[in-house]
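Note sheet for the following structure.
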Amino acid sequence: MAEFVFLCGMSGAGRSTAADVFEDQGWFVIDNLPLTLVGKVAELVDSPGGAIDRVAFVVSRNNADELAVGGPFEQAVEQLRRSGARVRIVVLEASDDVLVRRYEGTRRRHPSAENDRVVDGIDRERRLLELLKAQADLVIDTTTLNVHELKSRIVAAFTEDASSMVVTVVSFGFKHGLPTDVDLVFDLRFLPNPHWVDELRPFTGLDEPVREYVLGNPMTQAFLEHLRSLFELLLPAYAKEGKSYLSIGVGCTGGQHRSVAVSHELGAMITGFGFNANVRHRDLDKR
């Protein structure tokens, strides 16, 4: 089965880096192609003896006029899906202050800034990409990611069994902000906080004393049982609807203890349901 990815995102959010990762993984990467020509590329992929079966289209600012509702972008995606190909939309984003800092570091002109400030260009581009974000199969927030972490995220998402939905469980701390790239969020601040236990404070949810404290609480066990019933219903339903990626946020106050311990339990639970589960900890190194 042919596979196509549309790689979209904010300027400065890592689109070029992501394109390089796809290329390194054996994808045929096409940058700035007019979206009206996507069908021609699909014909070449389907031609007898064709050596290309995975294509990544990099959608840039140059394609802006083609992204309107009912326009060439939607038509291209629908055409590929009707052909039986697997089509996924990936959107990269980052916070405004990080995007500004990245542009200041490169001294490049923002493509949407025209004669205004960089922040004005970022605002225009973010509004333009709202439609794509709503349609995206995978949204990656690169605000706190370095080049190597972004590569790991993409490799993990695109090297799994093509027939299976990939589920990512992300632990985080509410005091560091809510993740923007999650589909479901669970708040664990109703559980007793190990931070206020002197002998547990230096440890994290990866350490056995904290795990025993958090997971041994009857309320935690009741919560996990309810989630088991919920996921038993939701995961197959999401997969049946063709969702390729599901991202689940698990938050506590600082992202050090409760969310870390519980996220690993959820990862094991999801794996037990037969889905690919990745667990990562956004704020584990923050204090």
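The values are calculated or read from the model by the stated rules, or taken from the named source; none is laboratory data. Keep in mind the model is a prediction, meaning the values are calculated, not measured. Please note: Cβ atoms are built from the backbone with ideal geometry, for glycine as well, and neighbour counts cover all protein chains shown. The protein model used for the area step is the full one, side chains on, heavy atoms only, and it has no ligands, DNA or RNA in it. Shrake-Rupley method; radii C 1.70, N 1.55, O 1.52, S 1.80 Å.
Take every Cα-Cα distance within the stretch 147-278, group them into 5 Å bins from 0 onward, and report for each bin the whole-number percent of pairs it holds.
2, 10, 19, 22, 19, 14, 9, 4, 1, 0
Considering the Cα positions of the stretch 118-214, please state its Rg to one decimal place and its Dmax as a whole number of Å.
17.9, 50
Please tell me the relative contact order of the stretch 141-287 in percent, rounded to the nearest whole number, where contacts are Cα pairs under 8 Å and at least six residues apart.
43 percent
Tell me, what is the FRET efficiency for Val155 and Ala222 to the nearest 0.05, using R0 = 35 angstrom and their Cβ-Cβ distance as r? If you can, show how the numbers build up before the last one.
Numbers: r = 37 Å, r/R0 = 1.05.
For R0 = 35 Å, the calculated efficiency reads 0.45.
In nm, to one decimal, how far is the modelled label at Glu74 from the one at Ser164, with both set 7 Å along Cα→Cβ?
It works out to 3.5 nm between the two label points.
Quote the charge dipole size of the chain about the Cα centre in Debye, to the nearest 20; the model charges only the Cβ of Lys and Arg (+1) and of Asp and Glu (-1).
Working: 32 positive and 41 negative charges, 67 e Å.
Dipole magnitude for the chain comes out near 320 debye.
Rounded to the nearest 10 degrees, what's the angle between the helix 258-272 long axis and the longest principal axis of the chain, both from Cα atoms, 0 to 90?
60 degrees
First select every other residue whose beta carbon is under 15 angstrom from the beta carbon of Leu44; then total the charges, Lys and Arg +1, Asp and Glu -1.
That works out to -2.
Over the stretch 159-287, with the other protein chains present, what is the accessible area per residue in square angstrom, probe 1.4 angstrom? Before the final figure, lay out each step's value.
Numbers: 6240 Å² over 129 residues.
That works out to 48 Å² per residue.
Step through the residues of the stretch 184-200 one at a time and calculate ³J(HN,Hα) from phi using the Karplus curve (6.51 cos²θ - 1.76 cosθ + 1.60, θ = phi - 60°), rounding each to whole Hz and writing x for Gly and Pro.
With coefficients 6.51, -1.76 and 1.60, one gets 10, 10, 10, 9, 9, 6, 7, 8, x, 9, x, 4, 8, 9, 3, 6, 9 Hz.
Sequence-distant or interchain residues sharing an amide H contact under 5 Å with Tyr245, placed H: which?
Val166
What are the ³J(HN,Hα) values, in whole Hz, obtained from phi via the Karplus relation 6.51 cos²θ - 1.76 cosθ + 1.60 with θ = phi - 60°, for each residue of the stretch 235-246 in sequence order, with x given for Gly and Pro?
Rounded to whole hertz, the list is 4, x, 5, 4, 4, 5, 7, x, 5, 8, 9, 10.
What number, rounded to the nearest 500 deg cm²/dmol, is the helix-based mean residue ellipticity at 222 nm of the chain, given -39500 (n - 2.57) per DSSP H run of at least four residues and division by all its residues? It would help to have the intermediate numbers written out before the result.
Working: 10 runs with 116 residues, N = 287.
Using -39500 (n - 2.57) per qualifying helix, the result is -12500 deg cm²/dmol.
Taking just the alpha-carbon atoms of the chain, what radius of gyration and Dmax come out, in angstrom?
20.8, 68
Which percent of the accessible area of the chain is formed by carbon and sulfur heavy atoms (probe 1.4 angstrom)?
Working: 7220 of 14220 Å².
The value for the chain is 51 percent carbon and sulfur by accessible area.
If you stretched the chain out fully between Thr271 and His148, how much longer would it get, using 0.36 nm times the residue separation minus the C-alpha to C-alpha distance? Walk me through the intermediate numbers first.
Working: separation 123, 0.36 × 123 = 44.28 nm, distance 2.55 nm.
Extra length available between Thr271 and His148 comes to 41.7 nm.
Place a label point 7 angstrom from the Cα of Leu215 along the Cα-to-Cβ direction, then list the residues of the stretch 245-287 whose backbone nitrogen is under 15 Å away.
Residues passing the 15 Å test: 257-272, 279.
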